[in-house]
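The values are calculated or read from the model by the stated rules, or taken from the named source; none is laboratory data. All values derive from a computational prediction rather than experimental measurement. Every residue, glycine as well, gets a Cβ built from its backbone with ideal geometry; the counts of neighbours run over all protein chains shown. Side chains included, ligands, DNA and RNA excluded: accessible areas come from the protein's heavy atoms. Shrake-Rupley method; radii C 1.70, N 1.55, O 1.52, S 1.80 Å.
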Amino acid sequence: MSAPAVQWRLVLDGERADWPTTKPTASIDSLQVVGQRLLSQLRQAGHYYATLDSAVVDTSAQPASVRIYAHRGPKVRIETLRIKGTSAMPSRRLRGLMDTDQGELLRPDRLEADIQALLDRYEDAGYPLAQIRVAETRLSTDDGPALQVTLRVSEGPKLWLKRIDVPNDARTSPELLARLAGLEIGQPLRSYDPAALRRRLQNKPLFRKVGAPKLRVGADGGAVLRVPIEESSPGAFDFVLGYLPPSRTRDSGQLVGNGHLLLKNIFGGGRTAEFTLDRRPGRTSVFDVAVSDPYLLGLPLRAEGQFRGEQRDSTYNEQTYSFEIGYRLGGGVEITGSLNREVVRPGPAGARLRNDRQRIPRSTTFFYGVGVRYQAIDRPQNPRQGVSVDLQLSQGRKRRRVRRVVPGGDTTRTTSSVRQERLHARVRAYLPLAVRQVIAVGGEGAILLSPDGIRDRSDLFRLGGAASLRGYNEDRFLGNVVARGLAEYRFQFDPGSYAYAFVDLGYVARPALGSTSAAHGWHPGYGVGVRLRTAIGRITTTYALNPNVQSPSNGRVHLGLSVGL
């Protein structure tokens, strides 16, 4: 049942007047609220000493009426504005942050906002316990009503981070936790936001769960921060199995796959070590070892070393030694530099002569490069929104030695040197459609350029398989220009699980090598997949096709399982 209508009337200084804003529509029970709102509106207009005289309520007629009598009083300006008790920051600088100024009408809401702005400035400077109050207001009537206002500042101790306490059984060191949280032990604790700190740590893959941080401040301003954390497993073992259906070159299906061992947060400093063994079609094997330190020498400096060995049946083997260093500039931006040494040694099949020339030359290549990475995504494991970009440019010189037949039937070895340039790029963007629905788009590509010409098959990039162009065999395509664009629709079950449908579009350009002519082409792929976080680990499966597949039964199936250690 709605409250009966009420006629509200206002009498100011003995005369009927309009309401400062909209006319009240409340019931008689809200008389006190209406009166307080009226006083506030009058004071915001400069009538600081406005008062309510009385209210008359008449319920004998319909509708009932309420007449409020008020006295505005004179408008009050600010004659002087003083700030006392400051030592960390000069009063003049604080006055510059305020909108309230001498000579203006006193507006309480503006003064309250100014006091909050000063408190925010003190918090940014490392004084989150600072307090500011109106210590004195003195009315002067010599030249009209004027108010002398004095603000008293109690700065409190300067807050600094004394230490971070972690659970006794935690592997993560307090120093690493401080860096991940964007803090520095022994330095002022500025703009402390416990909710933002908790979200920042929760998005790190090192932690399964992060509790509410608790801050304890000593008399000297030294703060002890305790962060309840539940760490993720210290490592994971992944293996992926893939089934390749029969083809024109293979009478029966073939199982391919890889195993991957990841050790995380080694010695509590966020360091990682990875070992990968990859079995690919055509008696090809790849062994990969990588170690990384995210805070070398305690600086925002990431260092990573990697060894990669690849055996292509009896054609050749390639060994790559890589070192990369990255400096984090903040805001998700990292500048990188890299050094690479690549050694190719021909096998029995690669050392054979074809068209009077050795098929695979013996070569050594040195590359050096620079790059930039940018990442701003909400959840690294299963993003809902954000973008990541990785661009790497390198150049180097390849020294190659090849055996060939000269006129007369004799063989000789010749040595040459060629210059090469490489560009690698990767982009991802995540766009939320609804609470559980996300569109992921992006692409990656690589380009090899050489003013001296591309001469060796081992220089080319490979494309195809579950990790690159889905719907095709592993390493199906070779080219000096390879690229893939992708679009995925994801339905997220929880922060670690989702099902998806995808479309890939690959492009490959291959130069003429020996008796092989140059070629280029587009290669689409499409399919569905699911990634589930379960009690035994993360399960991933994909089913992919391409337009050349004769039957859905010939689709490429990959099944992966990641088990925490």
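In segment 69-93, what residues are of a type in the set (A, V, I, L, M) and in contact with a helix residue (DSSP H, G or I) (Cβ under 7 Å, 6 or more places away or on another chain)?
Result: Ala70, Ile83.
Quickly run through segment 314-348 and pick out the residues that are hydrophobic (A, V, I, L, M, F, W, C) and in contact (Cβ under 8 Å) with a residue 60 or more places away in the chain.
Passing the criteria: only Val344.
Per-residue answers, yes or no, for (1) touching a Gly at 6+ places or on another chain (Cβ under 6 Å); (2) within 30 Å of Asn480 (Cβ to Cβ); (3) surrounded by 13 or more Cβ atoms within 10 Å (Cβ to Cβ); (4) at pLDDT 95 or above:
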| site | (1), (2), (3), (4) |
| --- | --- |
| Asp494 | no, no, no, no |
| Tyr498 | no, no, yes, no |
| Tyr507 | no, yes, yes, yes |
| Leu513 | no, yes, yes, no |
| Thr516 | no, yes, no, no |
| His520 | no, yes, no, no |
| Val530 | no, no, yes, no |
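So in segment 32-53, with the set limited to residues that are open to solvent by less than 50 Å² (accessible area, probe 1.4 Å) and more than 50 Å from the chain's Cα centre (by Cα), which one is farthest from Val11 (Cα to Cα)?
If we take residues in segment 32-53 being open to solvent by less than 50 Å² (accessible area, probe 1.4 Å) and more than 50 Å from the chain's Cα centre (by Cα), then His47 is farthest from Val11 (Cα to Cα).
When segment 297-314 is examined, which residues are found to be outside any strand (DSSP E or B) and within 16 Å of Gly330 (Cα to Cα)?
Gly298, Leu299, Pro300, listed by residue number.
Restricting to segment 341-351, give me the number of residues that are surrounded by fewer than 19 Cβ atoms within 10 Å (Cβ to Cβ) and modelled with pLDDT of 80 or more.
Count: 6.
Looking at segment 1-24, which of its residues are in a loop (DSSP other than H, G, I, E, B), open to solvent by 90 Å² or more (accessible area, probe 1.4 Å) and not polar (S, T, N, Q)?
Matches in segment 1-24: Met1, Pro4, Asp18, Lys23.
Quick check, is Ser2 over 21 Å from Pro74 (Cβ atoms) and at pLDDT below 85?
When the stated conditions are applied, Ser2 passes them.
Pick out the one residue from Val503, Val482 that is of a type in the set (Val, Ile, Thr) and either touching a Lys or Arg at 6+ places or on another chain (Cβ under 8 Å) or not in a strand (DSSP E or B) (or both).
Going through Val503, Val482 in turn, the sole match is Val482.
Considering only segment 288-334, how many residues are among the hydrophobic types (A, V, I, L, M, F, W, C) and in contact with an Asp or Glu (Cβ under 8 Å, 6 or more places away or on another chain)?
Total meeting the criteria: 7.
Just name the residue that is farthest from Arg400 (Cα to Cα) out of those in segment 317-340 that are open to solvent by 50 Å² or more (accessible area, probe 1.4 Å) and hydrophobic (A, V, I, L, M, F, W, C). Lay out the reasoning, then the answer.
Step one: of segment 317-340, the residues open to solvent by 50 Å² or more (accessible area, probe 1.4 Å) are 319, 321, 323, 325, 327-329, 331, 335, 339.
The next check asks that each one be hydrophobic (A, V, I, L, M, F, W, C); those that pass are 323, 325, 329, 335, 339.
Details: Phe323: 23, Ile325: 28, Leu329: 39, Ile335: 32, Leu339: 19 Å.
This residue is Leu329.
Need pairs with beta-carbon distance below 6 Å; first residue within 16 Å of His47 (Cα to Cα) and within segment 124-146, second at pLDDT 75 or above and outside any strand (DSSP E or B); sequence gap 6+ or separate chains.
Pro145/Pro74; Pro145/Val76
Select from segment 199-233 the residues that are open to solvent by 40 Å² or more (accessible area, probe 1.4 Å) and more than 29 Å from Thr540 (Cβ to Cβ) and list them in ascending order.
Ala212, Lys214, Leu215, Arg216, Val217, Ala219, Asp220, Arg226, Pro228
Among the residues of segment 304-350, which ones are within 23 Å of Arg179 (Cα to Cα) and of a type in the set (Phe, Trp, Tyr)?
Within segment 304-350, just Tyr327 meets the criteria.
Can you work out which of the residues in segment 54-68 that are in contact (Cβ under 8 Å) with a residue 40 or more places away in the chain and open to solvent by 70 Å² or more (accessible area, probe 1.4 Å) is farthest from Ile28 (Cα to Cα)?
This residue is Gln62.
Could you check segment 234-290 and list, in sequence order, the residues that are open to solvent by less than 30 Å² (accessible area, probe 1.4 Å), in a loop (DSSP other than H, G, I, E, B) and modelled with pLDDT of 75 or more?
Matches in segment 234-290: Gly268, Gly269, Gly270.
Go through segment 291-312 and give me each residue that's open to solvent by 50 Å² or more (accessible area, probe 1.4 Å) and closer than 19 Å to Ala236 by Cβ.
Val291, Glu304, Gln306
From Arg373, Arg379, Arg362, grab the single residue that is basic (Lys, Arg) and under 30 Å from Ser314 (Cβ atoms).
Selected residue: Arg362, the only one of Arg373, Arg379, Arg362 that is basic (Lys, Arg) and under 30 Å from Ser314 (Cβ atoms).
Residue-by-condition table, conditions (1) crowded, with 17+ Cβ neighbours inside 10 Å; (2) on the phi > 0 side of the Ramachandran plot:
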| residue | (1), (2) |
| --- | --- |
| Arg121 | no, no |
| Gly144 | no, yes |
| Lys158 | yes, no |
| Ala181 | yes, no |
| Leu197 | yes, no |
